[in-house]
Amino acid sequence: MKFDDLEVGMVVTHPPVVLTREEMLAFARSYDPQPFHVDEAAAEQSRWGGLIGSGWLTCGLAMRMVYDAALKGSEAFGSPGLERLRWPNPVRPGDALRLEATVDSKRVSSSRSDLGIVRWTWRLFNQNDDLVLETEVTNMFDLG
């Protein structure tokens, strides 16, 4: 999608993606090896009662979904950051996660007419419609 295609209030969606146990374990072993992410026996004894995916894996999946659904082929060139990252519910092996990204604001920079700025809220939901990720993201678009 191009900057001009995005409208305030618009919801960009991506169909569900299933996270496998193997994907969750491989990511956690490399980047977030806390016991409840990598050790099934320890995870069973934890407050989570079983293996859960790393929130950072969930963020990576959200980024991929937004790229595929909106940023691929756009003028987007980066992000100065995000606000309010939350993981209100755990992700379990076999969960099917879907994206809803709501455009909250869109503007051309007041100091640079070749810079478009979009703020949107990304949400991932599992197959039970439980919210598993919510964050407010800013993306920059090259309008020059």
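The values are calculated or read from the model by the stated rules, or taken from the named source; none is laboratory data. Small disclaimer: the values here were computed from a predicted structure and weren't measured. A quick note on method: Cβ atoms are made from the backbone with ideal geometry, for glycine too, and the neighbour counts reach across all protein chains shown.
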Subject >> region 12-34 residues that are in contact (Cβ under 8 Å) with a residue 40 or more places away in the chain, paired with ones that are part of a helix (DSSP H, G or I) and among the hydroxyl-bearing types (Ser, Thr, Tyr) (beta carbon under 9 Å, 6 or more apart) >> reply: LEU19/THR58
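Yes or no, residue by residue, for (1) in contact with an Asp or Glu (Cβ under 9 Å, 6 or more places away or on another chain); (2) under 18 Å from GLY94 (Cα atoms); (3) assigned to a helix (DSSP H, G or I); (4) modelled with pLDDT under 95:
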| position | (1), (2), (3), (4) |
| --- | --- |
| HIS14 | yes, yes, no, no |
| MET24 | no, yes, yes, no |
| PHE27 | no, yes, yes, no |
| HIS37 | no, yes, yes, no |
| LEU51 | yes, yes, no, no |
| CYS59 | no, yes, yes, no |
| MET65 | no, yes, yes, no |
| ASP68 | no, no, yes, no |
Original post:
Which members of region 101-129 meet the condition of being more than 23 Å from GLY55 (Cα to Cα), charged (D, E, K, R) and part of a loop (DSSP other than H, G, I, E, B)?
Top reply: ARG112, ASP114
**OP:** For region 64-78, state whether one or more residues are β-branched (Val, Ile, Thr), under 18 Å from the mean Cα position of the chain (by Cα) and surrounded by 13 or more Cβ atoms within 10 Å (Cβ to Cβ).
**Re:** yes
**OP:** Kindly check whether there is at least one residue in region 76-98 that is in a loop (DSSP other than H, G, I, E, B), out of contact with any Cys (no Cβ under 8 Å at 6 or more places or on another chain) and hydrophobic (A, V, I, L, M, F, W, C).
**Re:** yes
**OP:** May I ask you to verify whether VAL132 is within 26 Å of ARG29 (Cα to Cα), aliphatic (A, V, I, L, M), assigned to a strand (DSSP E or B) and in contact with a strand residue (DSSP E or B) (Cβ under 7 Å, 6 or more places away or on another chain)?
**Re:** yes
Original post:
Can ASP95 be described as under 16 Å from PRO15 (Cα atoms), surrounded by fewer than 13 Cβ atoms within 10 Å (Cβ to Cβ) and not polar (S, T, N, Q)?
Top reply: no
Original post:
Counting just the residues of region 1-28 that are surrounded by fewer than 13 Cβ atoms within 10 Å (Cβ to Cβ) and of a type in the set (D, E, K, R), which one comes out nearest to ALA62 (Cα to Cα)?
Top reply: GLU22
Original post:
What residue, among those in region 98-115 that are of a type in the set (A, V, I, L, M, F, W, C) and more than 30 Å from GLU23 (Cβ to Cβ), is surrounded by the most Cβ atoms within 10 Å (Cβ to Cβ)?
Top reply: LEU115
**OP:** Give region 116-134 a look and list any residue that's buried (at least 18 other Cβ atoms within 10 Å of the Cβ) and polar (S, T, N, Q), or say none.
**Re:** ASN126
